[in-house]
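This report concerns only the one structure given below.
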Amino acid sequence: MKASQLYAPTLRESPAEAELISHKLMFRAGLIRKAAGGLYSYLPLGWRVIKKISQIIREEMDAEGGQEIMMPIVQPSEIWQESGRWQVYGDEMMRMRDRHGREFCLGPTHEEMITSLVRAELRSYKQLPQLIYQIQNKYRDEIRPRFGLMRSREFIMKDLYSFDKDESGLDESYKKMFDAYTRIFTRCGLEFRPVEADSGAIGGSNSHEFTVLAQSGESSIAFCTNCDFAASDEKAELKIIIAPAEDEKPIEKVETPDAHTIELVKNFLQVPIEKTIKAVAFQDDDGKLILAFVRGDHEANEIKILNASGAMHLHMAEESAIVAAGGSPGFMSPIGLKDGTIVVVDQTVMEMHNAVAGANEKNFHFINVNPKRDFKNVIVADIRKVQAGDPCPHCGHELKMTRGIEVGQVFKLGTKYSKAMNATFLDENGKAKFFQMGCYGIGVGRTMAAAIEQNSDEHGIIFPRNIAPFEVVVCPINSKDQAQLEFAEKIYEELKNSGIDALLDDRPERAGVKFKDCDLIGYPMRITISPKSLETNSIEVKIRKSGEISELPRDNYLDQVKKILETL
Ligand SMILES: [Zn+2]
């Protein structure tokens, strides 16, 4: 491809609404253009990236026995009525009627469609397992589409569905997909983690999110530096921290004037923060007070508190509710509250000795609180948020925190959909059984966006080689100089002939303009042809990622270029 013919309009400015780096850079580098809120056109460079990611996905799906099909985007409401999700999906589902008044939707996902397809066709255990996938547009009517391709209304997804005869078959299919996903994101050149996840609204019991590590990510992740443990901060289960043994002293009430925060209490009483206990107060939907207690330096995890307390929702507590339960805001503890107050105490708090906690009285705290001795009628659970430095629940090594972008998810659905839609096969004994299903998604556009979030600098995108729109750009400094252009054309032809995806920047622009565009679009390697190249019969190679520049002899540069590309 020659850049003079390429439809790749680059821009200095990014759209005002763009918040994320990937959104800004995809727009500026001419990869995408907005059609309407959450709807985008992919221009040639963007589409090349999408096609490369799709191809990697395809190869790895096929390697595990996946079979590609294509199902309709437009889906009849009946199958969604069967699964019970026609209502559940609410306003996120894009719905429409045909000329006869029959209801349809634009598929947000395809569990119903695939289940209704195979239930009529797969009849025997002998036909199982089946791994069936497609790469296709999906639709979700986001209330506020934003972040470019991260949260759009139309998006490209690979969705694979597995059908097995029993749970151990499902385990195997799940493992196949887990391994395939690991290979896919490795080949895409991304730093990622499979994160243990909740299965959420889609159902099922077992799930991992494949998360690309990036500071702009929407989810907070704890990961181990020693083993492969990784979990979202909401999900990470934590071990109890046992405080060193101490002789228990008698509890004592002391005056702590105006010390209504942990910082103030610890400074006033001159105790380490690990010796303090703090409270968070909530009310459930009926207004019932739920008090949660964690160590002073820990943070309460609302999801865990929700699960431990049995409440449906948590709302921040009104001061009046706290007072009514016998408490005093800023001076709370489980000691001396009215009966019936729900008190959840973190498991680590129960292992503390001679600690400081509120006295449920303004300007007073207890010292020498020993929770096992002094807390009555409390629910003990793991209710704190993971934080950096916590011990790994698998190996005990130190955990680190990072942020990430979810690009893929693997789910075990079990029989959720096969039961709801009565999809059965005949087993070895001729008995009808429900399929064991799994579903496995990858956001293709999201993967492109996440790759950019993870790989960019102030000059633009730094594409990993395997998903770059072109691997190498050949750039004559002055395209109007016939000798330079011819030299560059030869190099370009040689690269192409040896299987390298190359672009020739033959535009009659100033060198500075061309270099800026190369950096903005993020080609992994630039080969510059200058007057010096002609003089010394050499080429100049610049690596986008490191900025490293080297000169290679014209005669045997190809092997070296290939070797360098292997590392990008
Ligand atoms: Zn570990």
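The values are calculated or read from the model by the stated rules, or taken from the named source; none is laboratory data. None of these values were measured; they are calculated from a predicted model. Backbone-built Cβ (ideal geometry, glycine too); neighbour counts: all protein chains shown.
Miscellaneous remarks
- For segment 227-251, a residue qualifies if it is surrounded by fewer than 12 Cβ atoms within 10 Å (Cβ to Cβ) and under 24 Å from residue 327 (Cβ atoms), and exactly one does: 250.
- Listed conditions (1) at pLDDT 95 or above; (2) not in a strand (DSSP E or B) are all met by residue 356, apart from (2).
- Taking segment 458-485 as the range and being in a helix (DSSP H, G or I) and touching a strand residue (DSSP E or B) at 6+ places or on another chain (Cβ under 9 Å) as the test, the residues that pass are 465, 484, 485.
- Filtered residues of segment 257-295 (kept if buried (at least 22 other Cβ atoms within 10 Å of the Cβ) and of a type in the set (S, T, N, Q)): 276
- Qualifying position, being within 16 Å of the ligand (Cβ to nearest atom) and either over 20 Å from residue 405 (Cβ atoms) or in contact (Cβ under 8 Å) with a residue 12 or more places away in the chain (or both), among 304, 239: 239
- Here 239, 304, 275, 235 are screened, and the one residue that is among the basic types (Lys, Arg) and more than 25 Å from residue 207 (Cα to Cα) is 275.
- Subset of segment 252-272 (residues that are more than 18 Å from residue 354 (Cβ to Cβ) and acidic (Asp, Glu)): 255, 258, 263
- Enumeration of residues in segment 17-35 that are within 25 Å of the chain's Cα centre (by Cα) and more than 20 Å from residue 470 (Cβ to Cβ): 17, 18, 19, 20, 21, 23, 24, 34
- When residues in segment 209-230 are screened for being within 15 Å of the chain's Cα centre (by Cα) and either more than 16 Å from the ligand (Cβ to nearest atom) or farther than 22 Å from residue 151 by Cα (or both), 15 of them pass.
- Long-range neighbours under 6 Å by Cβ, at least six apart or interchain, first residue assigned by TED's automatic domain parsing to the domain that holds residue 536 within segment 484-508, second aromatic (Phe, Trp, Tyr): 501/470; 502/492; 503/470; 504/492
- Residues of segment 1-51 classified as assigned to a loop (DSSP other than H, G, I, E, B) and farther than 23 Å from residue 505 by Cβ, total: 8
- Of the candidates 253, 249, the single residue that is out of contact with any Phe, Trp or Tyr (no Cβ under 9 Å at 6 or more places or on another chain) and basic (Lys, Arg) is 249.
- Every residue from segment 392-419 that is touching a Lys or Arg at 6+ places or on another chain (Cβ under 9 Å) and either exposed (fewer than 14 other Cβ atoms within 10 Å of the Cβ) or not in a loop (DSSP other than H, G, I, E, B) (or both): 396, 402, 404, 405, 406, 407, 408, 418
- Meets criteria (more than 16 Å from the ligand (Cβ to nearest atom) and in a helix (DSSP H, G or I)) for residue 248: no
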